[in-house]
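Beneath this line is the structure, given in structure tokens, with notes to follow.
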Amino acid sequence: MTVAELNPSDLRLTVDPTSLGFEDTFELRGVPLSWVGQERAETAARFGLQMRQPGYNLLVLGSAGMGRTCMLTAMLHEQAALRPVPPDLCFLNNFEQADQPLALRLPAGQGRRLEQGMALWVQAIQEDVPQRLLQADFWAARQELEQTFKAQTEAAYAALTGYAQAHHFAVVRDQGHMVFTLKDAQGTPVTASKALLLSPAERKALNAAEEALRAEMDHYLEVVRATECAMAQALDVLRQRFLRPVFAHGLAQLRQQLNLPIDSDTRLAAYMDQVLQALLEKNRLLVPGEDEATRRTDLAELLSCLSVNLVVDHHAAQGAPVVVEENPEFRNLFGGMAEDEAPMSDFARWRAGSLLRAHGGFLLLHLQDLLADAPVWERLRRLMRSGQLESSGASPRFSPGLIGEALDVNVKLVLIASVAAFDAVQEADPEWVRRFACKVDFAESFKATPQTARAMAVGVAHICDRHGLLHCSAAAVARIMEESHREAGDQTRQSARIGLTQALVVESHALAQARGAARVEARDVLAASQAQRARRDGLEARVQDSIASGERLLVVSGERVAQVNGLTVMDQGDHSFGVPVRVTARSFAGDEGLLNIEREVDMSGPIHDKGVLILHSYLSGLFAHIAPLSMNAAVVFEQEYGGVEGDSASCAELYALLSSLSGLPLRQGIAVTGAVNQQGDLLPVGNINEKIEGYFRSCESLGLDGQQGVLMPTRNRRHLMLAPQVVHAVARGDFHIYVANQVGEGMNLLTGLSYGHWGPGGYAPDSVLGRVQTTLQRFRQACELLASHRSHRRSRPAR
């Protein structure tokens, strides 16, 4: 076979807009969005979401920008609609242990009814209690009670006044104080002047009588205080007796309205018993008193404890919940107290995290976010193992959770991850990975078919609708598809990176809108694509400038011995571009073989070293009849200071070496790329479009002469999606693309001579390999002559 030159039509796939079957994407608005090119991933995801057994969580692998989150979220909502609505979750105050609230799960919608019912009941009792205590039966019982204690107080007072009179004193109650007065035998009060006339003995007796009276008065006051306390307790018991039916009736009515399942009803009944007891014990707060400010404060605190903290509310849900947690910090994921609010003992301030909100449904997370937070990772591991959200866990940055008991968490996790992150976790924590039994692997590219073309057009229509963009014409969609082929680097496959397509559509819309167009056309897409490149190719432009200025040596015309232009790629992450590099070789007689200079100075990677060793093996095989080869040779990439990796230039290295050994000059206008195996086959390489375009730009800046081009493996033919500028240059005859299957075919193109075939006497003298053979034989003779000369000198006797 010989080298083939490709036609312009071979260099790029062109999508015919008329084959798409629509005028613009506005016509596709109602068509459902599909998993374009991701059928395998779709099947795996659907299987995993339908599995109800534990451990069948989903691990979604793929690169960023492939639509993993968008597609999985849509499917999650689809599957969630088929599942029952999970229960609501309420937290209730635990009156017996305030820092351990009661968790109550209720049928969907009943949590809100309980919350509203309790709020209405609390409001009602504040109005009902004063009214009930104003009714006649309560007042009659209260007056009877007060009369009883009043009689006891009056009896004690009568005893005190009787004692005072017997000892010539008069006792009077004056505004809560006791005042006594000494009287004489006639019952007249003794004045101060009369008291001064008393004898010492009479004064002493008077003092003793006063002390005795004071003791009796103290005893009376103790009796009064005890009576008042007993009366207050009796009034409290009386109020409890009258208010218990009021409280109990409202609670029973609310409980009856909810009509809960037995388990929930039992837990609610126990809570209502606590509520009833707490209200009865503090019923005085519901009645106005003397210290009204303090009473109102205490009452507000009591009533806040009667509220229902509805942390998970599904009253309006139509299926299972779907929660996408974009910020899985400890509090957001596991729940906790609202920041800067009440202390942890205040159950009403507790907020549910994503795990509780997703109970009975699905929770989507990103692995990279979890790996960045060690406490979150460890707590999630425990939860997945036990299936319960425990109260013992705490984050070093937040206070412990307020959950009083371990709560069952039945949630299917959907974890978005890169392959690299997954591999790292799989090695470090295989037990954790085992809990994700369903792996959903998104492909980087997919085979292009009429069905995928239609699906991609529908995807563009959805992007336009979702972001409020101008719709795209069929020609614009065709151009977008061509860009997808370019991203995939394949005429038969398209890139699955939906994010890049979306960015192109958004930017094309901006350009179309700026020129006042009614829809996006192909020229807008082309302009947006060129603008994207212009924003990223700063380094590429500097490299091309160094070539044009002669700082970076590159010859693209004429012929040179032992020198050929190879093609390399520089990858900046978001932009890759080709850089031509001069590959040179030198060869001498010797016995050291092929020297890889990059390897000697630790500037080459293992794949490049492997390619050089394969090259040496191929060369040794060609000339096995004169083995071992008596050759010293060195191959180098000139002006490469950042290191070399990959084997895509091994073909260029071989050509430079063969040229050095044969003395044949190589065409400098033809750049070479391709890997070589031990049989001399040219193997496909990556980034073929970037390499060709990089060399084309260099030739363009140095001057196109119609003789320049690129030689590449035939097996790379379907990977061509060259820029329109290159295709147009080929069409004009200014640039050429050649393909070859074997090393010899390319050498024939570069030298104009036959590569050579093995015959009875070796290779033909006028062929490339024949000239190399002659050189290697001369090297052998030289080495043998040198060895003989050295042996003769060692064997000559000394004089």
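Consider region 700-756 and keep the residues that are among the aromatic types (Phe, Trp, Tyr) and assigned to a loop (DSSP other than H, G, I, E, B). The one that is nearest to residue 2 (Cα to Cα) is 755. Being of a type in the set (A, V, I, L, M) and outside any helix (DSSP H, G or I) is a description that does not apply to residue 223. Among the residues of region 206-243, those that are acidic (Asp, Glu) and either open to solvent by 40 Å² or more (accessible area, probe 1.4 Å) or in contact (Cβ under 8 Å) with a residue 60 or more places away in the chain (or both) comprise 210, 211, 216, 218, 222, 228.
Applying the criterion of being over 16 Å from residue 218 (Cβ atoms), assigned to a strand (DSSP E or B) and open to solvent by 60 Å² or more (accessible area, probe 1.4 Å) to the residues of region 171-193, the residue that is modelled with the highest pLDDT is 172. Looking at region 42-66, which of its residues are open to solvent by less than 50 Å² (accessible area, probe 1.4 Å), in contact with a Ser or Thr (Cβ under 8 Å, 6 or more places away or on another chain) and of a type in the set (A, V, I, L, M, F, W, C)? Within region 42-66, 61 is the sole residue that qualifies. Quick check, is residue 690 assigned to a helix (DSSP H, G or I), open to solvent by 10 Å² or more (accessible area, probe 1.4 Å) and closer than 24 Å to residue 665 by Cβ? For residue 690, the condition - assigned to a helix (DSSP H, G or I), open to solvent by 10 Å² or more (accessible area, probe 1.4 Å) and closer than 24 Å to residue 665 by Cβ - is not met.
Here's the yes/no breakdown for (1) farther than 15 Å from residue 504 by Cα; (2) at pLDDT 90 or above; (3) more than 27 Å from the chain's Cα centre (by Cα):
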{"position": "395", "(1), (2), (3)": "yes, no, no"}
{"position": "410", "(1), (2), (3)": "yes, yes, no"}
{"position": "414", "(1), (2), (3)": "yes, yes, no"}
{"position": "431", "(1), (2), (3)": "yes, no, no"}
{"position": "452", "(1), (2), (3)": "yes, yes, yes"}
{"position": "477", "(1), (2), (3)": "no, yes, yes"}
{"position": "486", "(1), (2), (3)": "no, yes, yes"}
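Taking region 509-542 as the range and being among the polar types (S, T, N, Q) and surrounded by 14 or more Cβ atoms within 10 Å (Cβ to Cβ) as the test, the residues that pass are 513, 529, 532.
Residues in region 206-256 that are within 24 Å of residue 121 (Cβ to Cβ) and either among the aliphatic types (A, V, I, L, M) or in contact with a Gly (Cβ under 8 Å, 6 or more places away or on another chain) (or both): 237, 238, 243, 246, 248, 251, 252, 254. One residue stands out in region 491-505 among those that are open to solvent by less than 50 Å² (accessible area, probe 1.4 Å) and under 17 Å from residue 442 (Cβ atoms): the one that is nearest to the chain's Cα centre (by Cα), namely 499. Of all residues in region 18-41, which are surrounded by fewer than 18 Cβ atoms within 10 Å (Cβ to Cβ) and assigned to a helix (DSSP H, G or I)? 18, 19, 26, 27, 39, 40 - these are the residues of region 18-41 that are surrounded by fewer than 18 Cβ atoms within 10 Å (Cβ to Cβ) and assigned to a helix (DSSP H, G or I). When 482, 405, 427 are checked against the criterion of being over 19 Å from residue 20 (Cα atoms), in contact (Cβ under 8 Å) with a residue 40 or more places away in the chain and acidic (Asp, Glu), 405 stands alone in meeting it. Consider region 355-384 and keep the residues that are touching a strand residue (DSSP E or B) at 6+ places or on another chain (Cβ under 9 Å) and part of a loop (DSSP other than H, G, I, E, B). The one that is surrounded by the most Cβ atoms within 10 Å (Cβ to Cβ) is 358.
Number of residues in region 244-260 that are of a type in the set (Phe, Trp, Tyr) and surrounded by fewer than 15 Cβ atoms within 10 Å (Cβ to Cβ): the value is 0.
Of everything listed in (1) free of Cβ contacts under 8 Å to residues at least 12 places away in the same chain; (2) closer than 19 Å to residue 316 by Cα; (3) not hydrophobic (A, V, I, L, M, F, W, C), the single unmet condition for residue 111 is (1).
Comparison of 572, 544 shows that the only residue that is within 33 Å of the chain's Cα centre (by Cα) and at negative phi is 572. Here residue 680 does not qualify as within 19 Å of residue 489 (Cα to Cα), among the small types (Gly, Ala, Ser) and open to solvent by less than 40 Å² (accessible area, probe 1.4 Å).
Quick grid of which residues meet (1) surrounded by fewer than 24 Cβ atoms within 10 Å (Cβ to Cβ); (2) free of Cβ contacts under 8 Å to residues at least 40 places away in the same chain; (3) touching a Lys or Arg at 6+ places or on another chain (Cβ under 7 Å):
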residue: 664; (1), (2), (3): yes, no, yes
residue: 684; (1), (2), (3): yes, yes, yes
residue: 694; (1), (2), (3): no, no, no
residue: 700; (1), (2), (3): yes, yes, no
residue: 707; (1), (2), (3): yes, no, no
residue: 715; (1), (2), (3): yes, yes, no
residue: 734; (1), (2), (3): yes, yes, no
residue: 745; (1), (2), (3): yes, no, no
residue: 753; (1), (2), (3): yes, no, no
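When region 114-165 is filtered for residues that are closer than 30 Å to residue 259 by Cβ and either touching an Asp or Glu at 6+ places or on another chain (Cβ under 9 Å) or acidic (Asp, Glu) (or both), the ones remaining, listed by number, are 114, 115, 127, 128. Just so you know, in region 451-471 the residues that are out of contact with any Lys or Arg (no Cβ under 7 Å at 6 or more places or on another chain) and not in a helix (DSSP H, G or I) include one that is surrounded by the fewest Cβ atoms within 10 Å (Cβ to Cβ), and it is 468. Would you tally the residues in region 416-429 being modelled with pLDDT under 90 and either touching an Asp or Glu at 6+ places or on another chain (Cβ under 6 Å) or not in a helix (DSSP H, G or I) (or both)? Looking only at that region, the number is 1. Given the condition open to solvent by less than 10 Å² (accessible area, probe 1.4 Å) and outside any helix (DSSP H, G or I), answer yes or no: does some residue in region 770-787 qualify? Within region 770-787 (the criterion being open to solvent by less than 10 Å² (accessible area, probe 1.4 Å) and outside any helix (DSSP H, G or I)), the answer is no, since none of the residues qualifies. Answer yes or no as to whether residue 95 is touching a residue at least 24 places away in the same chain (Cβ under 8 Å), within 30 Å of residue 406 (Cβ to Cβ) and over 33 Å from the mean Cα position of the chain (by Cα). Judged against the criteria, residue 95 is a match. Here residue 570 fulfils each of the conditions (1) open to solvent by less than 50 Å² (accessible area, probe 1.4 Å); (2) part of a strand (DSSP E or B); (3) not hydroxyl-bearing (Ser, Thr, Tyr) apart from (1). Are any of the residues in region 539-552 in contact with a helix residue (DSSP H, G or I) (Cβ under 8 Å, 6 or more places away or on another chain), touching a residue at least 60 places away in the same chain (Cβ under 8 Å), in a loop (DSSP other than H, G, I, E, B) and within 30 Å of residue 660 (Cα to Cα)? The answer is yes, given that some residue of region 539-552 is in contact with a helix residue (DSSP H, G or I) (Cβ under 8 Å, 6 or more places away or on another chain), touching a residue at least 60 places away in the same chain (Cβ under 8 Å), in a loop (DSSP other than H, G, I, E, B) and within 30 Å of residue 660 (Cα to Cα).
Quick one: how many residues across region 274-298 are assigned to a helix (DSSP H, G or I) and either at pLDDT below 85 or open to solvent by 30 Å² or more (accessible area, probe 1.4 Å) (or both)?
Count: 14.
When region 52-90 is filtered for residues that are of a type outside the set (S, T, N, Q), more than 25 Å from residue 459 (Cα to Cα) and within 24 Å of the chain's Cα centre (by Cα), the ones remaining, listed by number, are 54, 55, 56.
The values are calculated or read from the model by the stated rules, or taken from the named source; none is laboratory data. Every value quoted in this text rests on a predicted model; they were computed, and no experiment measured them. Quick reminder, even Gly has a Cβ in these numbers, built from the backbone with ideal geometry, and neighbours come from all protein chains shown. Accessible surface is based on the protein model in full, side chains and every heavy atom, while ligands, DNA and RNA are left aside. Shrake-Rupley method; radii C 1.70, N 1.55, O 1.52, S 1.80 Å.
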